Structures are given as structure tokens and as C-alpha cells.
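J.: After the C-alpha cells below, expect a handful of questions from me.
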Ligand code: LMR
């Protein structure tokens, strides 16, 4: 039965981990996957998480099945973080949230539900977008196309192009938007541009699907939720996938959520019933541990403050690495202006390095990046930034 099975290509992002792990060079650096490492090159276990885990383990809780949509305490904590504790939508019962297996799992639940709802709709993702967006929506059965987004000349957003493209789409089109810290470019919309995007979605009857995997990595918890909050006050119905992989450093625990904003409480009940069907037929119900830890941290004022401080620490360290890289490239005699790296937001920089240059970085220096030229700044540290800058300098100088 497997005789005709073809070898699939490695995943463009996670496949880099496999190649990196197999590399025996001591100087190797993994700038591929979007993971935050501390200044010692380790994935941190946050103090807030450690405390919540200890408390939880002490009580030795039983491990029964969870509700299909996850526990209410977790779902409500997610909602407050995304929509704000005093959100009118929450008070009106217009948000349905289901725990999901990371942000990817949330996208998949949303995609499967949307496919049942509107099988003929097309999905539009930014050009470029996170590699898995296209594959994920295609695997749910959708045709996926790009909308204009990144402007390589300005290293910013081609907003006029994006807006006029969205204005030309048929009603019911599904628009995947990066709510903050655009992956892979680090180029975000301004608040004023978000207002215009909301308006286009309303005018044209588009279905917004906001992907929020990096809340807290640009400016802060509430500041990074501006797109979600603007859609919230628009009266529209929309989807939000969110993740605690990065913000809680809980990657392998797979902790995320899908939130759907409906028109009414009664509609919410019907939507939830359908999301539960999608979940039940995929993996039945979510695992306990990661979600319980997140809910415990978010519901305890002291732990919450500790987490916010730790998140701010990660954000600040990434910023320092951005400016550090710009300075070091300059100091190494690179004529090309890399100052845009300091202006980009979130974990990534879209460096403009070509696929061939990325290949040279890997082969000659053991530095791994995504072939599109995306690097993860959160993997730089005081020990490797000089080596990375020197290697990039050699590659760009040819
Ligand atoms: C990334 O873009 O590197 C992260 O979101 C990890 C992943 O799942 O691809």
C-alpha cells in the first residue's frame, strides 16, 4: 500500500530544526524557527509558569477528560486577554472560545468550520505569509491566494495595494490577517490602517480571520491587541486564533485558542455546538496541563504581574538584539543599510537575504534561516551575535 508514496519535502520551518540538530558544528546557530531563547541560548521556563506548575503538581489533580472546548476558566482568560476584561462583546455573550492545540490547531478548527459553512469561499493570505497558512487552509479544502502586503522597496506595507485588492474581493472571502508582529516580515499595519481594513471588511462583507501568535512581543499586551479591539467595536463577526507558545514559552505544550465573534448570544450557542463537532472528530478534547498553567497564571494577580514582567523582558531583549545586529553589521563594514531590522516588530526580520545567501550561511557558517531570508532575532544572544553579524557580513559582501 505504500509502494507509490512519494517523499514529502521537509517542512520549510520545522524541517530546519531537523537539519540544525544533525549539524555537528559547535558554532551553529538556529535562526530558523520562531522560538525565544534567553541570553544563554536556552528556551526559558518562565518563573510564573514554574510557580503555577509547582502548585498544580502539589495538588495531584485527577486527569479526566476536559470539556470538548476546554475549561471555562481557560477560555475566559483567553477572551479577556484578547478582547479586554471590560469588553462589551464578552458581556453580551458574543464571543465563543475553544481551547486549541496551539495557534496552528486554532487555525485548523476555524478552517474546518469555515469549510462546512461556506465551502465555495476562497482564502486570502498576505504576500508573504507564515509558510503554514497556505498549507493549512489548503488541507482544509480551500483554494488559497495572496493579497499584496510587503513592499520590498520601503520594507513596509504596500497598504494602497492591499486595500484596493481587498476592495475587489467577493463577499464571503476569508481574509487571514496577522494581528501583530507580522510573520515573516515584521512589518505591521498602523492603527489608522487597521481602521481602514475594518471598514473594507464591513463594506465588502469579507470574513476576517485574525492570527494572533505574538501578543506582547511588539509593544505590550493591550497595545498589540489593537486590531482585535478595532474589529470588536465594528459590529462584524470574525475569527481570532491565538497562541501561548511564545508569550508563555510553552511551545511543546500546544496551548492556544480559537475565538469566534458572533452576532448574538443565541448565535454563539449554535456556533459553539459546531466547533465542538469539529474538535470531537479531530482529537476529542484538549490536553490539560498547559491550559491549566496559563489559566492559573492569568487568574492570579501576582503571577500575572510576574508573567507580564517576564514577557516585557523577552520583548526588550529582542529589541536589544535588533539594534545590536544593525550596529555590528555596520561595524563589520557592511555598506548596505540594515537599519530596517531595528524598526521591524516581533521575533522576525525579513532580511532581504536571497535563498542562495541563506544556503551559504548554512553551508559555510552553520547558521540556519528560512529560505525566504527570515531570521529569528530571538535566537541571537550576546555570545553569538558577533559571529552571526560577521557571517552575514561575509555573505553580503560576497
Ligand atoms: C514560526 O513561524 O517559526 C513559528 O510560528 C513556529 C511554527 O510553527 O512554524
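The values are calculated or read from the model by the stated rules, or taken from the named source; none is laboratory data. Bear in mind the structure is a predicted one, so any value in this text is a computation, not a measurement. Glycine also receives a Cβ, built like all others from the backbone with ideal geometry; neighbour counts cover every protein chain displayed.
J.: Residue 286 versus (1) part of a loop (DSSP other than H, G, I, E, B); (2) surrounded by fewer than 21 Cβ atoms within 10 Å (Cβ to Cβ); (3) modelled with pLDDT of 95 or more: which is the lone unmet condition?
T.: If we test residue 286 against (1) part of a loop (DSSP other than H, G, I, E, B); (2) surrounded by fewer than 21 Cβ atoms within 10 Å (Cβ to Cβ); (3) modelled with pLDDT of 95 or more, just (2) comes out false.
J.: Among (1) surrounded by fewer than 24 Cβ atoms within 10 Å (Cβ to Cβ); (2) under 15 Å from the mean Cα position of the chain (by Cα), which single condition is residue 258 missing?
T.: With respect to (1) surrounded by fewer than 24 Cβ atoms within 10 Å (Cβ to Cβ); (2) under 15 Å from the mean Cα position of the chain (by Cα), residue 258 is out only on (1).
J.: Further question: If you take the residues in the range 29-43 that are part of a loop (DSSP other than H, G, I, E, B) and surrounded by 16 or more Cβ atoms within 10 Å (Cβ to Cβ), which one is farthest from the ligand (Cβ to nearest atom)?
T.: For the range 29-43, the residue satisfying everything is 37.
J.: Using the structure shown, decide if residue 180 is within 16 Å of the ligand (Cβ to nearest atom) and either not in a helix (DSSP H, G or I) or not assigned by TED's automatic domain parsing to the domain that holds residue 34 (or both). Steps first, answer last, please.
T.: Details: within 16 Å of the ligand (Cβ to nearest atom): yes; either not in a helix (DSSP H, G or I) or not assigned by TED's automatic domain parsing to the domain that holds residue 34 (or both): yes.
For residue 180, the condition - within 16 Å of the ligand (Cβ to nearest atom) and either not in a helix (DSSP H, G or I) or not assigned by TED's automatic domain parsing to the domain that holds residue 34 (or both) - is met.
J.: When residues of the range 4-28 are filtered for being closer than 22 Å to residue 387 by Cα, surrounded by 12 or more Cβ atoms within 10 Å (Cβ to Cβ) and away from the ligand (no atom under 11 Å from the Cβ), how many remain?
T.: Count: 5.
J.: Something else now. From the list 312, 320, 269, 295, which residue is free of Cβ contacts under 8 Å to residues at least 12 places away in the same chain, part of a helix (DSSP H, G or I) and outside the structural domain of residue 250 (by TED's automatic domain parsing)?
T.: Checking each option against the conditions leaves just 320.
J.: Quick one: in the range 374-390, of everything that is more than 14 Å from the ligand (Cβ to nearest atom) and within 27 Å of residue 156 (Cβ to Cβ), which residue is surrounded by the most Cβ atoms within 10 Å (Cβ to Cβ)?
T.: So the residue we want is 380.
J.: If you go through the range 356-385, how many residues are within 13 Å of residue 16 (Cβ to Cβ) and assigned to a helix (DSSP H, G or I)?
T.: Residues that pass the stated criteria total 5.
J.: Looking at 55, 51 in this structure, which one is modelled with pLDDT of 95 or more, outside any strand (DSSP E or B) and surrounded by fewer than 16 Cβ atoms within 10 Å (Cβ to Cβ)?
T.: 55
J.: Hey, does the range 95-107 have a residue that's in a loop (DSSP other than H, G, I, E, B), within 16 Å of the ligand (Cβ to nearest atom), closer than 30 Å to residue 159 by Cα and in contact with a strand residue (DSSP E or B) (Cβ under 9 Å, 6 or more places away or on another chain)?
T.: no
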